Structures are given as C-alpha cells and as structure tokens.
Amino acid sequence: MLREVLFRGWDPAWIVHQDEHIIVVDKPAGMASQAADPALPFDLPSRLSRFLNDHGEPSHLGVHQRLDQETSGLIVLSRSREGAATLAKQMEAREVEKTYLACVIGWAKDRATLRDDLVMGDAGRTVVARPNDRRAKPATTKVKLLARVKDRSLLDLSLETGRTHQARAQLAHARAPI
C-alpha cells in the first residue's frame with residue numbers, strides 16, 4: 001500500500017471540492033504534504049499540480065497547512081491569489097477549525113483539555129518540555145472520547161494551536177499513544 005501511494009500519480013477521487021479559489025483534497029497516508037526534496041516530486045502539491053496541468057487547468061497551488069506523511073485527511077490548498085490571501089488570513093486568525101480523529105491505547109477520560117509546552121527533542125521529535133525551557137511553545141488540544149473497545153479509544157481532537165506533531169506529543173505524554 002505504501003509503495004502504491006508513494007509512486008502512483010494522482011487519483012481524481014482524492015479531490016473532494018474545488019472552485020476557482022480553493023481545492024480540498026483527501027490526502028492518503030504515505031504521501032507528503034510538502035516537498036522535502038524538489039528532485040523527488042512525490043508530494044501532494046507536485047502531484048496535484050501535474051494532474052491539473054495534464055487536464056488543462058491552472059495549477060497554481062498555495063499550501064497553507066500540512067498533515068504528517070503517515071496521516072490521512074482533508075487538506076485545503078489555494079488556487080488563486082485571492083484564495084491564497086483569504087485562506088492565509090483565515091488560518092492566521094485561527095478561523096479555520098481543524099479536527100482530527102486518533103486511535104489511542106490507554107485513554108480513560110470522556111473529555112479533557114491538554115495544555116503542554118512543547119519543544120523539539122534530541123532525536124528531532126516533538127516532546128513535552130521540561131520546566132523553564134526557554135525554547136518551549138504552548139500547545140492546547142481538546143480531547144473528546146468517541147468510542148472505546150477494550151484498551152483502545154477513538155478520540156476527537158481539536159487543536160487550538162498548531163505545533164508540529166502536537167497531538168502525538170501530547171497524547172504520548174498523557175500515556176495514551178496514537
């Protein structure tokens with residue numbers, strides 16, 4: 001499955017909505033949200049741009065958010081200058097609500113608000129900071145239990161901040177790893 005996602009082109013079914021200003025895509029797990037290496041154009045914007053070009057459509061795309069490569073979900077990209085300006089303004093003002101679903105082990109509560117300070121750890125992974133770490137940035141995630149089967153829980157996550165790997169770091173720290 002991962003090999004198929006990494007090396008195939010573009011599936012038109014991934015496009016959930018499009019108009020002259022934005023395009024919403026259901027990004028599959030295994031595909032990068034942004035190009036890590038321009039010489040390897042297997043990321044979402046590169047593939048989508050090629051697909052749009054091949055179909056005679058304008059291919060200007062503005063990336064305003066991202067999902068981890070191994071995470072699937074909806075991503076909205078701008079398709080015009082007007083769309084880029086409006087979407088950037090909405091993202092910066094936190095007017096866009098981002099909701100995530102996560103399956104975890106060990107979650108015991110119905111609802112919680114996780115408030116932690118995060119930093120980049122030794123191995124390059126985001127972790128909860130030690131007290132008084134000047135590099136730390138605050139992260140807040142609201143958690144709601146949707147379902148539980150034995151030791152596994154399906155959670156609805158609403159991130160109030162947008163730190164890199166925020167949900168993973170906070171849930172791991174809460175002893176409920178994704």
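Summary of values
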{"item": "Complete set of residues in region 143-157 that are open to solvent by less than 30 Å² (accessible area, probe 1.4 Å) and of a type outside the set (A, V, I, L, M)", "result": "S153"}
{"item": "Any hit, region 24-31, residues being at pLDDT below 85, buried (at least 16 other Cβ atoms within 10 Å of the Cβ), of a type in the set (A, V, I, L, M, F, W, C) and out of contact with any Lys or Arg (no Cβ under 9 Å at 6 or more places or on another chain)", "result": "no"}
{"item": "In region 103-140, the residues that are without any contact (Cβ under 8 Å) to a residue 40 or more places away in the chain, of a type outside the set (A, V, I, L, M, F, W, C) and open to solvent by less than 50 Å² (accessible area, probe 1.4 Å)", "result": "G121, G124, D133, T140"}
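The values are calculated or read from the model by the stated rules, or taken from the named source; none is laboratory data. These numbers were taken from a predicted model, which means no experiment stands behind them. Here the Cβ is made from the backbone with ideal geometry for all residues, glycine too, and neighbour counts use every protein chain on show. Just the protein is used for accessible areas: all its heavy atoms, side chains included, with ligands, DNA and RNA removed. Shrake-Rupley method; radii C 1.70, N 1.55, O 1.52, S 1.80 Å.
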